[in-house]
1. Read through the list (1) more than 20 Å from B:Gly84 (Cα to Cα); (2) touching a residue at least 24 places away in the same chain (Cβ under 8 Å), then give the number of the only condition that B:Tyr34 fails.
2. Would you point out the residue of the range B:354-403, among those that are part of a loop (DSSP other than H, G, I, E, B), in contact (Cβ under 8 Å) with a residue 40 or more places away in the chain and aliphatic (A, V, I, L, M), that is most open to solvent (accessible area, probe 1.4 Å)?
3. Can you tell me which residue within the range A:262-315, out of those that are of a type in the set (Val, Ile, Thr) and more than 24 Å from the chain's Cα centre (by Cα), is nearest to the other protein chains (Cβ to nearest Cβ)?
4. Within the range B:407-445, count every residue that is without any contact (Cβ under 8 Å) to a residue 12 or more places away in the chain and of a type in the set (D, E, K, R).
5. B:Glu445 passes all but one of (1) facing chain A (nearest Cβ under 8 Å); (2) assigned to a helix (DSSP H, G or I); (3) over 20 Å from the mean Cα position of the chain (by Cα); which number fails?
6. Which one is nearest to the other protein chains (Cβ to nearest Cβ) among residues in the range B:136-150 that are open to solvent by less than 20 Å² (accessible area, probe 1.4 Å) and among the aliphatic types (A, V, I, L, M)?
7. Give the residues of the range B:19-54 that are open to solvent by 30 Å² or more (accessible area, probe 1.4 Å) and under 19 Å from B:His466 (Cβ atoms), sorted by residue number.
8. State all residues of the range B:230-282 that are open to solvent by 10 Å² or more (accessible area, probe 1.4 Å), small (Gly, Ala, Ser) and farther than 19 Å from B:Ala307 by Cα; if no residue qualifies, say none.
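The values are calculated or read from the model by the stated rules, or taken from the named source; none is laboratory data. For clarity, every value in this text was computed on a predicted model and none was experimentally measured. Cβ: placed from backbone, ideal geometry, glycine included. Neighbour counts: every protein chain shown. These accessible areas exclude ligands, DNA and RNA; they are computed on the full protein's heavy atoms, side chains included. Shrake-Rupley method; radii C 1.70, N 1.55, O 1.52, S 1.80 Å.
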There are 2 protein chains.
Amino acid sequence: VSTTRNPDPAFIDRLRELAGPHGLLDAPEDVAPYLVDHRRLHHGRTPCVLRPDTTERVAAILAACHEARCAVVPVGGNTSYCGGPTPDASGTQVVLSLARLDRIRSVDAADFQLVAEAGCTLRQVQEVADSADRLFPLSLGSEGSCQIGGNLSTNAGGTAVLRYGMARDLVLGLEVVLPDGRVLDQLKGLRKDNTGYDLKHLFIGAEGTLGVITAVRCKLFPRPVTLETAFVAVRDPLAAVALLERLREVTGDAVSTFELVPRIALEMVLRHIERAADPLDRAYPWYALIEVSTSRDDPGLREVLMATLSEAIEREEVADAALAASGPQRDAFWRLRETIPEAQRHEGASIKHDVSVAPRRMPEFIREGTELALRLAPGARVVAYGHLGDGNVHFNLSQPPAGDREAFESLAPQIHRAMHDLVARYDGSFSAEHGIGQLKVGELERYEDPVALDVMRAIKHALDPHGIMNPGKVLRSNPG
Amino acid sequence: VSTTRNPDPAFIDRLRELAGPHGLLDAPEDVAPYLVDHRRLHHGRTPCVLRPDTTERVAAILAACHEARCAVVPVGGNTSYCGGPTPDASGTQVVLSLARLDRIRSVDAADFQLVAEAGCTLRQVQEVADSADRLFPLSLGSEGSCQIGGNLSTNAGGTAVLRYGMARDLVLGLEVVLPDGRVLDQLKGLRKDNTGYDLKHLFIGAEGTLGVITAVRCKLFPRPVTLETAFVAVRDPLAAVALLERLREVTGDAVSTFELVPRIALEMVLRHIERAADPLDRAYPWYALIEVSTSRDDPGLREVLMATLSEAIEREEVADAALAASGPQRDAFWRLRETIPEAQRHEGASIKHDVSVAPRRMPEFIREGTELALRLAPGARVVAYGHLGDGNVHFNLSQPPAGDREAFESLAPQIHRAMHDLVARYDGSFSAEHGIGQLKVGELERYEDPVALDVMRAIKHALDPHGIMNPGKVLRSNPG
């Protein structure tokens, strides 16, 4: 139960002082960008946006808010798909931006790690790793603007999960400011350390409801030297799963990307994205964008990939395949995948689902989900694409081409319900990588095991007894 | 604060009923093995040992114990190095063995996963994976008797951490019975699922103090097809770290083992272990046991390994190297590493430390630690060996050859203190893979950040308000 209060002007002055020079924004034009989420689904109000530039200032701010029972909404790059960093409409929640905590504290190439503050953009972290001849493999569409603290708070996924894991798997340690302002320093970042409960994983993916991540010790990897990228026409999703399984074996688990793309998604991209070109001679119903990579100088890898694709052609699991012959061609293949969301926006309204099921069951799920969606929204176009290798597809519907936008959008609640019920029957997840934020709090209550929900609430209460941290996100502030 | 009570005979009868046929042992000879730990450091008493054969029975037992405030000590294969599964001397704590939950519930080779109940031995899990043409990479000395539930409860390490991670990294999902008897079913095992807090990582490594793990969904990997094993004389630990860094890069991160072995350890093995033979022509001060592996049929990997070793010989980082030419030779190399603990037992008393620091700082730590140890125990023999690739060495002292056993053992407290203080100065861990159990509760209190300890206590209290689960392990029952 949240017991937060409305902050009075004297308290805002106190926060201004604690946030330091240039640390508090309250002019309407400065505050405006923080009042709406990335997808423009959620709108809120706030008395101010705090922009401290050190962990100590974050700690002082949280200690004051804890004492005053003032609600705090942390924000990174504001790229959440679920309204995670948008305050509610009450105007009582202060926003805490981590953007000015943007230093790289250390880089250690020999030990394959670096320490970044929460406000570093993901791209900044990638580039620092790269200049140390290392790879930080987390990679997302929004990497130019999302911040590493937000990536960890939401346990971001992306296109390299198959090989390197989710954001949580890429972290050796965290620095977290607790809801009462104490600093939990878990930055040591040992690869082995069995001394008590693992606290780091509790804060990763908690979306700022248990504290504020202020710094991250990231795991680095040897940088890929050999990189082979293929755009492959697969017979169907079932054939894609079989191909992935075989590729993992024969390449020595070097598959770093395996993305499913249906023809309809490729057509949308070809229609709306400049310079997009069909990579194969004719149209096929399904494609996979496949990348295998290794830090070894390894001409044999291309041969293994080609031999496996040839075999798959003989088995009629693959119809045709193009291997990138150059960096620019590789970029062109990737662009076909990465511009799907943008292309889909040009096709009118869409109703989206971020679904995961066991990879093996994905083909059946897509088939059954498509039938279900078309029964509820005749004429809609199903665009099911994404991270097949992790069992995660973005199961999105675009409105019927000639249909009415509002009429289609009004179907969203019942389609979400039906799709998420289907996901539950497949023992899947209704939010594979996008999290809960404020958008999916009701879905979590509906689909999560009540025992698990109880444990989450017990932990929330234990760490944030006044409920000041990002209230109403992940868990409802006043359950029942 | 633990509020547990002494169970009366009527309650024991109730437990007998809940545990099912053959589910309760109370004859002294049956109970005896559970009253002492693997290293024979800890001795306890118990009214009975419960051996339920289903999750439902475990749940019923915990519900009853929760209500009656009866303390429960879970035990797997009883191979803890820290007295984790040994009851205290009060005779009021019942022991809960998971040994009869020993079914493999499912194996799914296509999705690279299997579900095992907690009481399956690690070897059983490895063998089931192997028969599905998959690898379960967790590997430890005690794998024939330790159980997968215990491996997860203690977040076991072992010799493949460098490549595949700790036990926690090898798990997709858990089934846990909570302290109040409710079953938390987190077995779905999706590779991506961002729906609320990650509860699984809280129970992994909690050593049975937050609940009882009853089943585990394990991640599987393609089985290695190409495996190259080398026994290498390295100039010193610093040269070993440099060699590891280069090998990770040039092999495409195919290094699955990198174990440091000092000459003194090899000599002990040659003295005491049957059929052990020196793999190189003459003696060198330091060795590394190195394995690179891939599921690809890959003759090039051996060439890369040989070329890298040749280069290292030119740089004088490596003095000599032997590559295993056959399976039996590989087994012989491994035997030299794996029998070190056994060989060391033949050398009299030992004082052990399970230390991790950043790999890059390990050479300096070993040098400084050796000086320190020899100041405190002149004539002792420092045997620092183990998982250099993860920054984890077992820094063990053997008594002086002609010295008095008891006199040497009496130095243990002050040597532990000095070594662990040194570890703290290196930002290291005093328990890299062995956990806390009852042996290191005081060390945790001394070295852990008080903020982290507070958070651990808050979580313990939130999930186990009566303190019935494995009281006194990890955290003291009555702090202060």
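1. (1)
2. Looking at residues that are part of a loop (DSSP other than H, G, I, E, B), in contact (Cβ under 8 Å) with a residue 40 or more places away in the chain and aliphatic (A, V, I, L, M), I get B:Ala358.
3. Narrowing the range A:262-315 to residues of a type in the set (Val, Ile, Thr): A:264, A:269, A:273, A:290, A:292, A:294, A:304, A:308, A:313.
With the extra rule that they be more than 24 Å from the chain's Cα centre (by Cα), the set shrinks to A:294, A:304, A:308, A:313.
On the way: A:Thr294: 3, A:Val304: 7, A:Thr308: 11, A:Ile313: 20 Å.
Step by step, filter the range A:262-315, then rank; the result is A:Thr294.
4. Residues of the range B:407-445 without any contact (Cβ under 8 Å) to a residue 12 or more places away in the chain: B:407, B:410, B:413, B:417, B:421, B:425, B:442.
From the residues that got through so far, the ones that are of a type in the set (D, E, K, R) too are B:417, B:421, B:425.
Selection size over the range B:407-445: 3.
5. Failed condition: (1).
6. Of the residues in the range B:136-150, the ones open to solvent by less than 20 Å² (accessible area, probe 1.4 Å) are B:136-138, B:146-149.
Retained after the next criterion (residues that are among the aliphatic types (A, V, I, L, M)): B:138, B:148.
Numbers: B:Leu138: 13, B:Ile148: 17 Å.
Among residues in the range B:136-150 that are open to solvent by less than 20 Å² (accessible area, probe 1.4 Å) and among the aliphatic types (A, V, I, L, M), the one nearest to the other protein chains (Cβ to nearest Cβ) is B:Leu138.
7. B:Pro47
8. Passing the criteria: B:Ala276, B:Ala277.
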